[in-house]
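> For reference, the structure I am asking about is given below.
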Amino acid sequence: MRMISLLLILITSFFFTGIIIRTKSILSGRKGPGIMQPMKDIIRSLRIGSVYSKTTSFIFQLAPTVYIATILMAILFIPFGNQRGVLSFNGDFVFFAYTLALGKFFMIIASLDTGSSFEGMGASREALYSMLVEPAFFIIMGSFSLLTGFTSFVDIFSAMHFGSYVTYGLGALAAFVFAIIALIENSRMPVDDPKTHLELTMIHEVMILDNSGYDLGLILYGTNLKFAMYGALIANFFHTPGYEWYYSIPIFFGVQLAFAVTVGVVESFSARFRMNHNPQFILMFTSISLLIFLGVLLLTGKII
Amino acid sequence: MSVAFLISTLLFILLISLVHPGKKGMVAVAGIIVNSVMSSWIAVAALSGNAFSQVLNGGPVFGDIAIRLDSISAWFILVTNFTMLMGILYGRQYLRHHPARSADMSMHYISYLLNHAALTGIYFIQNMLAFLCAWEIMAITAFILVIFEHARMETLKAGINYLIQSHISIILLTLGFIWVYTSTGSFDFEAIRTYCLSAGKEAALLLFLVFFVGFGIKAGFVPFHTWLPHAHPAAPSHVSGIMSGILIKAGIYGILRLLLLMPENHLAMGYFILAVSVITGLYGVILAIVQHNIKKLLAYHSIENIGIIGIGMGIGTIGVGLGSPFMAFAGYAGAMLHVLNHALFKSLLFYSAGNVYNALHTLVIDRMGGLIRNMPRTALFFLIASLAICGLPPFNGFISEFLIYSGLLSAIGSSHTASVIILAVIALALIGGLALLCFTKAFGIIFLGTARHVQHAEIREENNATLFPMALTAILIIFIGLLPQLFISVLRRPVELFMNMPDLEGMRVSAQIMQQISIAVWGLVLLIAILWLLRKAIASRQVTVGPTWGCAYTTDSPKLQYTASSFVRSYAKIIKPLTITKKSKDEVLGIIPKPLHTETHFHDKLESGLVDWPTRNLRGFLGRFKFLQNGSVQFYVLYGVVFIAISIAVPLIINAVRNLAHILKHL
């Protein structure tokens, strides 16, 4: 039963970007590709040959594998309702965050490995933004561990619900912050525009300019997985008291669908920020998560 | 045993000065090994429960010198011995590139040996006076080690800067010891406990602060950190490695020993240490990122890691104060494990930087690039150490940081100051993120891409003898990362001392978590391996090699690459208020402009405020008396005569005045 969240996330990951693209095409009145198109692209990438830059070393070839491995590893920690993930222990969300950071470290040095001016640009931005986003995640998880007295994903999520209506409010706020974190981590609008064609304004896309073939396929699939992973995390805020599977599974897919559609809508109707506004935007979410923390302090009466 | 230790040290010192210059290194290695084996023998026994205790007769001056080794000292002894041994093995090879006079070599190796002996002494001796002597020997020998390349002015300057600051530390320690001695009449460390019990909470806290600043200067807590970023780049790489790895840990040891002797005020001390450490950790890493000099960058990272260790100590002390066994265990165990971890990865980083320096003869990151092709093994070691220092699994840095996180999280749940603790959590998370930014920059710019500067000589990998100690260190880094549960059980005894009771609860919980972490870490490694094999099996063999994508610009130009400065440019803008940035830029003039230069330097704002400004003013004031130092001997003789005259005349005059007063009174 511990595999259930892994399975559900894997299933979601096949459709997630497809739904985003479909939403965008509907909203802009285009016919657009089918929902499975991104997955087909990835499978094609996995099978074709690769081109490597002559400046690159083994780091460049190793990085995509490490990247996808760390995302899969992180997914193993995600619970499903009161059902533990494959791995679960006290403080597992620290492991979760640091594992993802390992993948990021490799992607950044891989892009520096090419010796390209563009990719250094992306690497620099990726490193900066992921640094800025880190505290928000830890504040939220820290607040919930204060609220519930537990320190692992599954215990926090199963103890957090149904205390009072305020916890639902906090949960919704946290779900919002998590959604934004997912957008930043996946370099989507409004922080980064995956469809831009100017290298100077890209973050994630510019980092992987030199990746091709199998490696590119892995990286693209990594984005899908990451989206599905954060979606699953968000879904955990909305389960029913009894965790009946006939409610939980539809809720899970419903949340994922809503998340994907939201991403599509945001991308259809907003423009990308100027690069130097991004840090402010990201720090804003640190302050929202501090708001959650203050709420928890008020609830538990631990405010000094 | 103590006598044998002293004799062997003296013997090897004599031997070093006598043998042929080429053999001095060998003798020093032998000396370190012999001394290490002796102290490790006792230390291992102490860690398994048989504490060592002895009293030496120090004559009329010292009185009875208590030599005691409990499990805390034992842990530090083992860390020191390993790092020192690797340091000398590496240093012997490193110095081949830096031919020096025979006397300099002797001086260097003797100082190294003495430094090791003094450090061992610091961990063994529990007599204040003897402790201060050992401390002073350690400071002075470290100074000699730093100024190995004393022909260079900046090296000498950095060395003297270090010497002065470490003596401020010694003055404060002396002050603290005198304070305790005058009220208890005993030089034994236990007197601190007796004093604190009798003197009351406020006095004890004040005494703690005096000692904390004294030890804090050695450890490099902000704002007492300013000597570190100067001394480390000036010293030879193996010396930077051991200084950063274990010398500054002597300060940590001092604070831990003090915490052990302080019977009260745990909460106040804990919060104080936590606050200072959070600032230290953040400040260190914030400034590390903008450094262009690789060793200076690493020096600032030492400050950051001292902050992490301090956060662990702080949370441990709060845990003792609150009576929470898990918090205390996680905090102290995290701090002490991080002492070892930092000693390992930081020395490895310095050794790698040393290899790079020997190959390129520069420490400026922006002049490097593409070294992974010429020096693949050095690059691999640097990568491992970078991942470890960023606290990423599956390496050792993650384990200690995770323990500290666990302590902090349990503190959030169980204390009434969650809002203070959460700041420490944010700080630790930010430190992690910033370290990632810093080391992707360092590794990426130094080892990846293509050379940013024309190299005239061919760059070659160091020989195996140089790489051997590095490999051993790297293996230990990975070992701790993969099997942390072993180290938790070793750390049980030292941590129990702090809690003052046999602690099963904290240890059991931590060991359980570590077991899980170990499984997760193995899982991660396995997953990477499986996916790598899968890649080999699935990925198309059809591989083309071409130039890096350049947006239709296909000529290779290393100049187009990102540099270290451009990599952190947007970051540098954000932290502008925290640093002093000096930028000089040439203007483009004429139709065919000359080569242009632009330079950016970042300065430590705290240093300029707390060290440079007072020094400048003091020098301005003292400069008024410069006329006294005019260089002619006649005047100096005159000063001598005037001094003697005054010293004779003043008592006479006082006497005369007194007599006069006496007479006047009788009138």
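The values are calculated or read from the model by the stated rules, or taken from the named source; none is laboratory data. For clarity, every value in this text was computed on a predicted model and none was experimentally measured. All Cβ positions, glycine included, derive from the backbone under ideal geometry; neighbour counts span all protein chains shown. When the accessible area is computed, the model is the full protein with side chains, heavy atoms only, and any ligands, DNA or RNA have been set aside. Shrake-Rupley method; radii C 1.70, N 1.55, O 1.52, S 1.80 Å.
> Which value in deg cm²/dmol, rounded to the nearest 500, describes the helix-derived mean residue ellipticity at 222 nm for chain B, given -39,500 (n - 2.57) per DSSP H run of n ≥ 4 and division by the residue count?
That calculation yields -24000 deg cm²/dmol at 222 nm.
> Chains A and B: buried accessible surface, both sides, probe 1.4 Å, rounded to 100 Å²?
Buried area between the two chains comes out at roughly 6400 Å².
> Mean projection of the alpha-carbon convex hull of the range B:95-166 over all orientations, in nm²?
So the Cα hull casts an average projection of 5.2 nm².
> Under the rule of at least 5 residues apart or a separate chain, name every residue whose amide H is placed under 5 Å from the amide H of residue A:52.
It is B:544, B:545, B:546, by chain and number.
> Can you pull the mean other chain C-beta count within 10 Å for peptide B:561-568?
Across B:561-568, the average partner-chain Cβ count within 10 Å equals 5.
> Filter the chymotrypsin sites (Phe, Trp or Tyr not before Pro) in the range B:546-637 down to the DSSP loop ones having no more than 14 other Cβ atoms within 10 Å, then list what survives.
Here the chymotrypsin sites (Phe, Trp or Tyr not before Pro) that fit, given the DSSP loop and packing criteria, are B:553, B:625.
> Suppose we flag GluC sites (Glu not before Pro) only when DSSP calls them loop and at most 13 other Cβ atoms lie within 10 Å. Which is the longest uninterrupted stretch of chain B?
B:1-457
> Moving on to the next point. Explain nothing, just the number: relative contact order of the range A:4-300, from Cα pairs under 8 Å at least 6 residues apart, as a whole percent.
So the answer I get is 31 percent.
> Pairs on different chains or at least eight residues apart, Cα atoms closer than 25 Å: how many lysine pairs in the range A:4-300 fit?
Close lysine pairs found across the range A:4-300: 11.
> Same structure again: Might you report the magnitude of the Cβ-based charge dipole of the range A:4-300 about its Cα centre, with Lys and Arg at +1 and Asp and Glu at -1, to the nearest 20 debye?
Using only the charged Cβ atoms, the result is roughly 660 debye.
> Given N residues in chain B, what is Rg(Cα) / (2.2 N^0.38 Å)?
1.06
> How far is the Cα center of the range B:458-490 from the Cα center of the range B:263-329, in Å?
25 Å
> While we're here: Would you mind checking the tilt of helix B:325-360 against the longest principal axis of the Cα atoms of chain B, expressed as 0 to 90 degrees and rounded to 10?
Tilt of helix B:325-360: around 70 degrees.
> To two decimal places, what compactness ratio does the range B:45-151 give when its Cα radius of gyration is scaled by 2.2 N^0.38 Å?
1.25
> Mean Kyte-Doolittle of at least -0.5 and a Cα length of 24 Å or more along the axis: which whole DSSP H helices of chain A meet both?
Membrane-span-like by this criterion, though nothing is claimed about a membrane: A:4-27, A:58-75, A:92-113, A:117-148, A:165-185, A:213-235, A:245-269, A:278-300.
> A further question follows. Given a cut-off of 19 Å, what percent of all Cα-Cα pairs of the range B:192-298 lie beyond it?
Roughly 49 percent, rounded to a whole number.
> Give, as ranges by residue number, the residues of the range A:215-257 whose backbone N falls under 20 Å from the point 7 Å along Cα→Cβ of residue A:26.
Flagged as within label range: A:228, A:231, A:250-257.
> Something else: Please return the longest range in chain A lying between exposed loop sites, taking trypsin sites (Lys or Arg not before Pro), DSSP loop only, at most 13 other beta-carbon atoms within 10 Å, and leaving the sites out.
A:55-194
> Okay, next question. Residue B:458 to residue B:588: FRET efficiency via 1/(1 + (r/R0)^6), r the Cβ-Cβ distance, R0 51 Å, to the nearest 0.05?
The value I calculate is 0.90.
> Give the average, rounded to an integer, of partner chain Cβ atoms located within 10 angstrom of each Cβ in B:637-644.
Counting Cβ atoms of other protein chains within 10 Å of each residue's Cβ and averaging gives 0.
> What does the extension gain come out to for residue A:283 and residue A:166, with contour length at 0.36 nm per residue minus their alpha carbon separation?
39.7 nm
> Also, quick follow-up: May I ask you to list the lysines whose Cα is less than 21 Å away from that of residue B:218, ignoring any residue fewer than eight positions away on the same chain?
B:157, B:249, B:295, B:296, B:346, B:605
> Helix B:464-482 against the longest principal axis of chain B: what's the angle in degrees, Cα atoms only, rounded to the nearest 10?
Relative to chain B, helix B:464-482 is tipped by roughly 90 degrees.
> Can you list residues whose amide H is under 5 Å from residue B:55's amide H, if they're 5+ apart or on another chain and H is modeled 1.01 Å from N?
Residues meeting the amide H criterion: B:67.
> With viscosity set to 0.890 mPa s at 25 °C, what whole-number translational diffusion coefficient in µm²/s follows for the range B:626-666 from Stokes-Einstein and a Kirkwood radius over Cα pairs?
200 µm²/s
> Mind checking which of A:300, A:60, A:90 is farthest towards the positive end of the range A:4-300's charge dipole, using Cβ charges of +1 (Lys, Arg) and -1 (Asp, Glu) about the Cα centre?
A:60
> Okay, next question. If you average the alpha carbon positions of the range B:373-390 and of the range B:554-621, how far apart do those two centres end up, in angstrom?
If we compute the Cα centre of each part, the gap is 27 Å.
> Also, I was wondering about something else. Quick one: helix B:24-47 against the long Cα principal axis of chain B, what's the angle to the nearest 10°, folded into 0 to 90?
Helix B:24-47 sits roughly 80 degrees off the main axis of chain B.
> Continuing with the same structure: Shielding of B:154-166 by partners, i.e. mean partner chain Cβ atoms within 10 Å per residue?
Partner-chain Cβ atoms within 10 Å, mean over residues of B:154-166: 0.
> Among A:71-79, B:338-346, B:374-382, what's the highest-first ranking by average C-beta atoms within 10 angstrom per residue?
B:338-346, A:71-79, B:374-382
> If you don't mind, there's one more thing I want to ask. With a cut-off of at most 16 other beta carbons within 10 Å, and DSSP calling the residue loop, which trypsin sites (Lys or Arg not before Pro) in the range B:428-517 qualify? Please list them.
B:460
> Any idea what the relative contact order of chain B is, in percent, if you count C-alpha pairs under 8 Å spaced at least 6 apart?
Here the relative contact order equals 12 percent.
> Quick one: net charge of residue A:119's neighbours, Cβ under 13 Å, K/R +1, D/E -1?
So the environment of residue A:119 carries a net charge of -4.
> List, largest first, the extents of the alpha carbons of the protein assembly as shown along their principal axes, each in whole Å.
Between the extreme Cα coordinates on each principal axis of the protein assembly as shown lie 118, 72, 61 Å.
> Excluding residues on the same chain fewer than 8 positions from residue B:594, give the aspartates and glutamates whose Cα lies under 13 Å from its Cα.
Within the straight-line cut-off, residue B:594 pairs with B:586.
> Report the charge-dipole magnitude of the protein assembly as shown in Debye, nearest 20, computed about the Cα centre from +1 at each Lys and Arg Cβ and -1 at each Asp and Glu Cβ.
Once rounded to the nearest 20, the dipole reads 1480 debye.
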